[in-house]
Amino acid sequence: MTNGGLPPYYFRVKENGALVFRVNAENRQRRLDLDQIATININNGQVKPQGDTVLTPEDEVAIADWMEARSAELEARDVDDILRAVDHMNLTAHWVQSRATDKQLDAVTDKLLLAMHDLRTVLVKKRADKLLGD
């Protein structure tokens with residue numbers, strides 16, 4: 001690390017990727033500068049240098065490393081979100097059985113049944129496709 005212990009790059013996460021900045025704290029005013037060098041689209045793997053910037057090999061390695069780590073992080077979050085959904089389904093079952101009023105059940109039952117039916121249909125199809133080797 002240079003720049004007084006700061007990392008050489010900063011990645012500002014956005015919806016589908018990030019803006020990449022080179023961190024510069026070694027200037028005459030001792031002010032922290034973030035110079036945008038690229039834009040990343042994590043969905044399609046595209047890296048666009050900013051303006052007339054020519055990415056150095058070090059820039060490219062840092063960007064590739066970040067993209068790999070970010071993709072792994074997002075994949076892990078997807079699985080964690082689903083496991084949380086399973087917990088919520090269990091909590092919902094307990095709520096329905098122990099505390100829900102008739103009025104509350106009227107407000108949620110059809111939506112829950114349709115969502116659960118849709119999820120079950122998709123899961124069964126995926127499992128069948130896997131078993132049939134598709």
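The values are calculated or read from the model by the stated rules, or taken from the named source; none is laboratory data. These figures come from a predicted structure and were not determined experimentally. Here the Cβ is made from the backbone with ideal geometry for all residues, glycine too, and neighbour counts use every protein chain on show.
Among the residues making up region 75-133, those that are outside any helix (DSSP H, G or I) and exposed (fewer than 10 other Cβ atoms within 10 Å of the Cβ) are R99, T101, G133. With the structure loaded, tell me whether I40 is in a helix (DSSP H, G or I), touching a strand residue (DSSP E or B) at 6+ places or on another chain (Cβ under 7 Å) and either within 30 Å of M116 (Cα to Cα) or in contact (Cβ under 8 Å) with a residue 24 or more places away in the chain (or both) or whether it fails that test. So I40 fails the test. Scanning region 1-21 for residues that are modelled with pLDDT under 95, part of a strand (DSSP E or B) and surrounded by 12 or more Cβ atoms within 10 Å (Cβ to Cβ) yields a single hit, L6. Being surrounded by fewer than 14 Cβ atoms within 10 Å (Cβ to Cβ) and either polar (S, T, N, Q) or at pLDDT 95 or above (or both) is a property that V54 has.
For (1) in the same structural domain as L19 (by TED's automatic domain parsing); (2) farther than 30 Å from N41 by Cβ, each residue gets a yes or a no:
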position	(1), (2)
E68	yes, no
A85	no, no
M89	no, yes
T92	no, yes
Q104	no, yes
